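Contents: one structure, followed by commentary.
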Amino acid sequence: PAPLLHELLSRRVAEQAASPAVLRGSVAPHYAALDGQSRAVTAALLKADLGRGAVVALSAASGPEQVAAALGVWRAGGVLLALDPRAPIDVQTELVKSAKTMLHLRSDAAPAIEGVRALSLEAALGEPGQDGPGIGSDAGAWLRVELTADGSSKHTRVSHAELTSAALALSKLVGQKH
């Protein structure tokens, strides 16, 4: 089977630990740092008793910490529901409740969502890192929730294999080696 995204990161760490991993303005952590941050998030999620397949809402500004958090969720066996922290809180709340979210991983700047257990991303990034349980390529990785005009919601679940395939295709498109 094809490697999962967090496994591809581990490979890149072994090959190019000191190379820039995620560019955001002048911030460019290297692969080893990104891997360490993602393992810290994994440890925090496992410590919070995140069950395999549990939906984790992520509210964080775009950048390296958001990437590390997403990788940490996947490594822990969670399903990522990415929230736009700029969206109105009532929209975020509806998305989170519709997805039956178990945990809200949020930057300290993002508002808390009532009724959902929260975990500070900044605190999670300070945890000693660890690897998560082995997960299959058919396990859920990403959840997209669309609120419809009639007040209902439509959920699209993407597997690890589908997510990895899309990421690899995109990297080929932009000329990156994986």
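Any residue at all in the range 1-13 that's more than 12 Å from the chain's Cα centre (by Cα), under 17 Å from Arg144 (Cβ atoms) and part of a helix (DSSP H, G or I)? No: zero hits. Among the residues of the range 66-93, just one is more than 27 Å from Asp138 (Cβ to Cβ) and touching a Lys or Arg at 6+ places or on another chain (Cβ under 9 Å), namely Pro85. Residue pairs whose Cβ atoms lie under 9 Å apart, separated by 6 or more positions or on different chains, with the first residue in the range 1-15 and open to solvent by less than 70 Å² (accessible area, probe 1.4 Å) and the second among the aromatic types (Phe, Trp, Tyr) and assigned to a helix (DSSP H, G or I), are Leu4/Trp74; Leu5/Trp74; His6/Trp74; Leu9/Tyr31; Arg12/Tyr31; Val13/Tyr31. For the condition in a helix (DSSP H, G or I) and either in contact (Cβ under 8 Å) with a residue 40 or more places away in the chain or of a type in the set (D, E, K, R) (or both), Asp49 does not qualify. Condition check for Ser59 on (1) surrounded by fewer than 19 Cβ atoms within 10 Å (Cβ to Cβ); (2) touching a strand residue (DSSP E or B) at 6+ places or on another chain (Cβ under 8 Å): one failure, at (1). In the range 18-29, the qualifying residues are those that are within 18 Å of Gly72 (Cα to Cα) and at pLDDT 70 or above, and the one that is surrounded by the fewest Cβ atoms within 10 Å (Cβ to Cβ) is Pro29.
The values are calculated or read from the model by the stated rules, or taken from the named source; none is laboratory data. From a predicted model like this one, the values you see are computed outputs, not experimental measurements. Cβ atoms come from the backbone with ideal geometry, glycine included; neighbour counts cover every protein chain shown. Areas reflect the complete protein model, heavy atoms only, side chains present, ligands, DNA and RNA absent. Shrake-Rupley method; radii C 1.70, N 1.55, O 1.52, S 1.80 Å.
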